[in-house]
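These notes are about the structure you will find just below.
The values are calculated or read from the model by the stated rules, or taken from the named source; none is laboratory data. All figures in this text were calculated on a predicted structure; none of them were measured in a lab. Glycine also receives a Cβ, built like all others from the backbone with ideal geometry; neighbour counts cover every protein chain displayed. With ligands, DNA and RNA removed, areas are computed over all heavy atoms of the protein, side chains included. Shrake-Rupley method; radii C 1.70, N 1.55, O 1.52, S 1.80 Å.
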Amino acid sequence: MERRINEIRWWIGLGTAAVVYNVVAFALPFAKTAVFFLSWIFTMAALAAQVYVIRTAFFKGEGIKSKLYGFPIARIGLLYLAVQMVLGLVFMALGTVVPFWLPLALYVILMGAALIGLIATEGAREEVERQERKLVKDVCRMRKFQSLVNALAREGQIPEAKEQLGELAEAFRYSDPVSDGALREIEDTLADDLAHLQDAVALFDGEKALEWCRKAKLDLEARNQLCRLHKHEIQEGR
């Protein structure tokens, strides 16, 4: 409902701008030359373009972050509209003394620059959102591991493994949560360790629980070391 109300507000603002501009353009004693109507057409086109700009900037995605990323798009669109409105009125006033080609060239250049800016900005926004989605996906596996070990440590079903489980939970807490292809094999091994650990805890097998807890801790340390080496190689540009 709030989304719909905000959208209506934008359309009311855009419609008001169109009405005010038309009143000013036709109420002032401008000579109705070819330059006048050329300026009016390009300004109306800039106003119409704001429908796309507003929808893309604020109503294409969901959530606060998506709206924040939309502000640069809206800024370019509104800047284009403001400049076009001002130029339009100026050339309407000078319609009898300026050649037709001058405002035409300026309007086309302005429109092209705005279009390029919108395409580039929207592309940058989509890339940022893609990277954020990828990051959420990449941390999902380690977060699941951490949640599982925390649950096992809290349950405390096997007193002799309680300390080891607490240390393992702490090790997961301070581990880098970001996964990538280079860590897949060691994380698969880690997932297998935790599956065996969970089974041992469920069966109240203290000896097996300790064994798999220690192995999981060693494999987690190996995973973290590999993660550090991989990041170091990336930083060095290898």
Sole residue being in contact (Cβ under 8 Å) with a residue 24 or more places away in the chain and in contact with an Asp or Glu (Cβ under 6 Å, 6 or more places away or on another chain), chosen from Cys213, Cys227: Cys227
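For the stretch 192-209, which positions are in a helix (DSSP H, G or I), out of contact with any Phe, Trp or Tyr (no Cβ under 7 Å at 6 or more places or on another chain) and of a type in the set (A, V, I, L, M)? Outline the logic, then answer.
If we filter the stretch 192-209 for residues that are in a helix (DSSP H, G or I), which is where we start, we get 192-202, 206-209.
Okay, now just the ones that are also out of contact with any Phe, Trp or Tyr (no Cβ under 7 Å at 6 or more places or on another chain), so 192, 195, 198-199, 201-202, 206-209.
Ala195, Val201, Ala202, Ala209, listed by residue number.
So, in the stretch 189-203, how many residues would count as being within 36 Å of the chain's Cα centre (by Cα) and open to solvent by 20 Å² or more (accessible area, probe 1.4 Å)? So that I can check it myself, show each step before the final result.
At the first step, the residues of the stretch 189-203 found to be within 36 Å of the chain's Cα centre (by Cα) are 189-195.
With the extra rule that they be open to solvent by 20 Å² or more (accessible area, probe 1.4 Å), the set shrinks to 189, 191-192, 195.
Residues that pass the stated criteria total 4.
Any residue at all in the stretch 117-129 that is at pLDDT 90 or above, under 30 Å from Val35 (Cβ atoms) and either part of a helix (DSSP H, G or I) or open to solvent by 40 Å² or more (accessible area, probe 1.4 Å) (or both)?
Of the residues in the stretch 117-129, the ones at pLDDT 90 or above are none.
The answer is no, given that none of the residues of the stretch 117-129 is at pLDDT 90 or above, under 30 Å from Val35 (Cβ atoms) and either part of a helix (DSSP H, G or I) or open to solvent by 40 Å² or more (accessible area, probe 1.4 Å) (or both).
Among the residues of the stretch 167-188, write down those that are assigned to a helix (DSSP H, G or I) and surrounded by fewer than 17 Cβ atoms within 10 Å (Cβ to Cβ). Quick ask: steps written out before the conclusion?
Residues of the stretch 167-188 that are assigned to a helix (DSSP H, G or I), as a first pass: 167-173, 181-188.
Glu167, Glu170, Ala171, Arg173, Gly181, Ala182, Arg184, Glu185, Asp188 - these are the residues of the stretch 167-188 that are assigned to a helix (DSSP H, G or I) and surrounded by fewer than 17 Cβ atoms within 10 Å (Cβ to Cβ).
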